[in-house]
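Heads up: the structure comes next, in structure tokens.
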Amino acid sequence: MSDIGDWFKNIPFITRYWFAGSIAVPLIGKLGLISPMYLVLWPEAFFHKFQIWRPISATLYFPVGPGTGFLYLVNLYFLYQYSTRLETGAFDGRPADYMFMLLFNWICIVITGLMMDMQLLMIPLIMSVLYVWAQLNRDTIVSFWFGTRFKACYLPWVILGFNYIIGGSIVNELIGNLVGHLYFFLMFKYPMDLGGRSFLSTPQFLYQMLPNRRGGVSGFGVPPSRRPVPQEQAGGGGGGGGGRHNWGQGFRLGDD
């Protein structure tokens, strides 16, 4: 147990609480401590009954069952793996900037979810983080099903296409990828590569709550390099042939 505790404490701060919440909330729903009906995103309940917690609970909740358990574990691994890599890589020492990225992506996903009547938001937010990591490490070689190897920039779309081929839903992945692309374009691509103005900047109150470490400079806006040198071998679904499974298939409450 001490080994598990030490491992958990070594997870980066923001990823640690996101990861823990994504375990605790589905467990609460599975045990029936809170009805899953109160954890998913329903526009009518949010707007007319003022159940304002639903965008948060819908981001952390996933209906774990015989038909969804492995999918949940795979995406939980995605959350841990790629959020940790971002928080300790491109955003190392800049927790406020990383929190701002999560908040921006989350707000975009919540708005999309309300418009499209999406009940579960866990996978889109995880995929948006994976997309940003893939773009900032676009030349890193990743492995996929049957030992297929390709650059990380293609990883989000390979996962999306794989789910489409096997008949799964691609809506969650697509929304996550598009939101991740929106953030990457506005924060990095447009102001740096295209010479445009910067539309996104971390608000000062986040710097006050989560000050930079290691002498970091406020106003983070550049990735490690324009074309990062491959630093690691990243499994395309959490390593070791994770692409053998139906990642990211959309589910609504009540699906098995």
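Observations
- Note that region 39-53 has calculated 3J(HN,Hα) couplings of 9, 8, 8, 10, x, 4, 5, 6, 7, 9, 10, 6, 8, 6, 7 Hz, one per residue in order, obtained from phi through the Karplus relation 6.51 cos²θ - 1.76 cosθ + 1.60 (θ = phi - 60°); glycine and proline are x.
- The modelled label-to-label distance for the pair Ala24/Leu182, using points 7 Å beyond Cα in the direction of Cβ, is 2.9 nm.
- Using R0 = 35 Å, the C-beta based FRET efficiency linking Ser2 and Gln208 works out to 0.50.
- For Lys151, the lysines whose Cα comes closer than 25 Å to its Cα, not counting residues fewer than 8 places off in the same chain, are Lys189.
- Only Cα sites of region 1-89 enter the Debye sum here, all with the same form factor; the resulting log10 I(q)/I(0) across q = 0.15, 0.16, 0.21, 0.25 1/Å is -0.66, -0.74, -1.06, -1.21, listed in q order.
- Note, ³J(HN,Hα) from phi for region 198-208, Karplus 6.51, -1.76, 1.60, rounded to Hz, x at Gly and Pro: 8, 8, 10, 8, 5, x, 5, 5, 6, 5, 5
- Note on region 3-209: Cα-only Rg and Dmax are 17.3, 53 Å.
- Backbone geometry of region 19-35 corresponds, through the Karplus equation with coefficients 6.51, -1.76 and 1.60 at θ = phi - 60°, to 3J(HN,Hα) couplings of 4, 5, x, 6, 9, 5, 5, x, 5, 4, x, 5, 7, x, 5, 9, 4 Hz, x marking Gly and Pro.
- Reach of Lys9 by Cα under 27 Å, taken over lysines that are not fewer than 8 positions away in the same chain: Lys30
Rule-based calculations on the coordinates, nothing more; no lab input. Treat the numbers as computed from the prediction; the structure is a model and nothing was measured. Using ideal geometry, Cβ is built from the backbone for each residue, glycine included, and neighbour counts are taken over all protein chains shown.
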